[in-house]
There are 2 protein chains.
Amino acid sequence: MAANSRLTIATHALAWLALAQRRGQEVLTSEQVAASVNTNAVIIRRSLGDLRRAGLVRVRHGAGAGWSLAREPGDITMLEVYDAVDAQPPFGLHRTEPNPECPVGRGIRPALDGVYGRVEQVMRRELADTSIADVLREALVNQPTVRQSGDRRGACGSRDCSNS
Amino acid sequence: MAANSRLTIATHALAWLALAQRRGQEVLTSEQVAASVNTNAVIIRRSLGDLRRAGLVRVRHGAGAGWSLAREPGDITMLEVYDAVDAQPPFGLHRTEPNPECPVGRGIRPALDGVYGRVEQVMRRELADTSIADVLREALVNQPTVRQSGDRRGACGSRDCSNS
DNA sequence: CTTGCTGCAACAGCTTCTGTTACATCCATC
DNA sequence: GATGGATGTAACAGAAGCTGTTGCAGCAAG
């Protein structure tokens, strides 16, 4: 899978932050978020760093540090996340310039720019219609396995992702 | 640019085939198409091979071989080309499975599947609204440089891409 | 000052795409 | 049937991007 999972990682982190916040957990460390995403903490810091620069999350340094949402989950759209993580556009133009002495070679790039631009527009419109709160709600109603006996609220197994 | 240029290459090839056909040139060799796209002929054969399997172009073997459109340019949509070249979807899910003992980790994938699916749908709808004929028309009205003095109809400079 | 976490650079490994070469295959033409 | 030109495809190298990892400097609450 060469596809970009950056939008997925960032959205997962934001949804987890939103749920933690709702549960009264003010901040989460990058290690706790990484435990939920099941990846390395540095990956999470890179992703949350993008979101911080976009003003979607806040970070607290020093002891007892961690991350928290900068705005309400219902107010953060997937489009903002998409722009924040700077994912590559779905289609790329020619890697090398087409033959400029060819009628098609001369005009194909502006023509495709138009098509790709329209595609990107409808894509952005769709992303703008979904918020982090929407994603979290969808994720919570979609629980494939029943919670097990010893499941404490917020416990994430051997690798704790919520409780300190 | 890591982005996929396969859709771009395939569309360029089809537009060039459409223009050649309109000019009375029945077939083009992969070398002639490659001259317009400015790439290697094998790249073009790979791309046109995809389009052939999808029934969008025809190939003639043997002497005087070459490629031609299997249908009218106005009847081939960008969506068919997109499906033919099997471009990777714009977004990827987690590379490793999220923590299944986490509420968000459990439900995030179906939730994102829904969002990404809707995005893909509007993207496909937009691609279906554009035909090869549309692209060719756009390319021909978008000629950044004026044709030069010695410009023969269809000549593509040192590397001939049309006349045999 | 200590402690815990962030910020960031550097690097390895993996995957994908592009580009190139080489060679077998096919078929209209001679 | 032989020939020649073009396709079909495998194999490989190079480049780029992303993920994952380690290491270390910087910051701030207690």
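Quick rundown of the values:
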| item | result |
| --- | --- |
| Residue ID - farthest from A:ALA133 (Cα to Cα), chosen from residues in region B:92-114 that are open to solvent by 10 Å² or more (accessible area, probe 1.4 Å) and in contact with an Asp or Glu (Cβ under 9 Å, 6 or more places away or on another chain) | B:GLU101 |
| Residues (facing another protein chain (nearest Cβ under 7 Å) and either under 20 Å from A:ARG45 (Cα atoms) or in contact (Cβ under 8 Å) with a residue 24 or more places away in the chain (or both)) located in region A:80-114 | A:GLN88, A:PRO89, A:PRO90, A:PHE91 |
| Selection within region B:45-87 - within 11 Å of DNA strand C (Cβ to nearest atom) and loosely packed, with under 15 Cβ neighbours inside 10 Å | B:ARG60, B:HIS61, B:GLY62, B:ALA63, B:GLY64, B:ALA65, B:ASP86 |
| Subset of region A:1-44 that is in contact with a strand residue (DSSP E or B) (Cβ under 7 Å, 6 or more places away or on another chain) and open to solvent by 20 Å² or more (accessible area, probe 1.4 Å) - its residue that is nearest to the other protein chains (Cβ to nearest Cβ) | A:ASN4 |
| Members of region A:1-21 found to be without any contact (Cβ under 8 Å) to a residue 12 or more places away in the chain and either within 13 Å of DNA strand C (Cβ to nearest atom) or of a type outside the set (S, T, N, Q) (or both), listed by number | A:MET1, A:ALA2, A:ALA3, A:SER5 |
| Neighbours by Cβ (under 7 Å, 6+ apart or cross-chain): first from region A:124-137, facing chain B (nearest Cβ under 9 Å); second outside any helix (DSSP H, G or I) and open to solvent by 10 Å² or more (accessible area, probe 1.4 Å) | A:LEU127/A:THR77; A:THR130/A:THR77 |
| Leading residue by the ranking (nearest to the chain's Cα centre (by Cα)) among those in region B:47-79 that are within 14 Å of chain A (Cβ to nearest Cβ) and more than 16 Å from DNA strand D (Cβ to nearest atom) | B:MET78 |
| Helices (runs of 4 or more DSSP H) contained entirely in region A:12-106, each with at least 1 residues that are over 25 Å from A:VAL122 (Cβ atoms) and hydrophobic (A, V, I, L, M, F, W, C) | A:30-37, A:41-53 |
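The values are calculated or read from the model by the stated rules, or taken from the named source; none is laboratory data. Because the structure is predicted, anything quoted here is derived from the model rather than measured. Cβ atoms come from the backbone with ideal geometry, glycine included; neighbour counts cover every protein chain shown. These area figures cover heavy atoms from the full protein model, side chains too; ligands, DNA and RNA do not enter into them. Shrake-Rupley method; radii C 1.70, N 1.55, O 1.52, S 1.80 Å.
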